[in-house]
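Taken together, the values in this text are just the output of simple stated rules run on the coordinates, not laboratory data. Since we're looking at a predicted model, the values are computed, not measured. Cβ sites come from the backbone with ideal geometry, for glycine too, and all protein chains shown count toward neighbours.
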Amino acid sequence: MAKIEWTKELAVGIPLVDEQHQMLIQRLNDVAHAVEMHEGEGQIAKTLDFLIDYTDYHFNAEEKCMQEAGYPKLAEHQARHTEFKDTLADLERDFREEGATHPLANALNTLLGNWLLEHIKTVDHQFAEFLADAK
């Protein structure tokens, strides 16, 4: 599995959001690596649980910022966040039922990794542009 790397093109220019995005990418890499290396169910569960909790924390913070700024695409953005959380919950359910499998590692990389990168590059950048234009 290819590790997801933070690049300048992912930066949205909002320090708190960029920091949280970097943490999400790191944790996604951590859980995918743990699954791939068969590091033990306990370690994988712990890392996956952290990813789920941190995702909720980040999305809530981001949505609060959008609400305070009067962002007109907030509902659409929230729907995309819900989609990600639902996918993450499905993968957690798969892990609980089937354990650490190679398909789970692939799903973490492709489904979550690609979704998160695309989301940051498009939807989150749109919000950053909205904030910049509002200044």
- Count neighbours as other Cβ atoms within 10 Å of each site's Cβ, and list the trypsin sites (Lys or Arg not before Pro) in the range 1-83 that are DSSP loop with at most 16 such neighbours. Lys3, Lys73
- With mean projected area of the Cα convex hull in nm² in mind, check (i) 7.6; (ii) 8.6; (iii) 10.0 and report the label derived from this structure. (i)
- Message: Cross-link candidates for Lys46: which lysines have Cα within less than 23 Å, leaving aside residues fewer than 8 places away along the same chain?
- Response: Lys3, Lys85
- Item | Partners for Lys121 among lysines (Cα-Cα distance below 17 Å; same-chain residues under 8 apart left out) | Lys8, Lys73
- Net charge dipole size for the chain [Lys, Arg +1 and Asp, Glu -1 on Cβ; Debye, nearest 20]: 260
- Expected vector for the range 93-109, Karplus 3J(HN,Hα) from phi with 6.51, -1.76, 1.60 and θ = phi - 60°, integer Hz, x for Gly and Pro, equals 4, 4, 4, 5, 7, 10, x, 7, 10, 4, x, 5, 4, 5, 5, 4, 6
- Task: Just check the range 1-56 against the gyration tensor rule for me: Cα atoms, a ≥ b ≥ c as the square roots of the eigenvalues, rounded for a/c under 1.5, and otherwise prolate or oblate depending on whether a/b exceeds b/c.
- Result: oblate
- Message: At R0 = 30 Å, how high is the FRET efficiency between Glu39 and His125 if r is their beta carbon distance? Nearest 0.05 is fine.
- Response: 0.30
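Can you tell me which of 33-45, 90-102 comes out highest on packing, and rank the rest after it, using the mean Cβ neighbours within 10 Å? List each step's numbers first, then the result.
Working: 33-45: 16.4, 90-102: 13.6.
Most protected by this proxy first, the peptides run 33-45, 90-102.
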- Message: If the elastic network links every pair of Cα atoms under 10 Å, which of Ala61, Ala107, Ala79 fluctuates the most in the Gaussian network model of the chain?
- Response: Ala79
- Message: Helix-only mean residue ellipticity at 222 nm, the chain, DSSP H runs n ≥ 4 weighted -39,500 (n - 2.57), per residue, nearest 500. What is it?
- Response: -24000 deg cm²/dmol
- Note on the structure: Two pseudo-spin positions, 7 Å from Cα along C-beta at Ala75 and at Thr7, lie apart in nanometres by 3.5
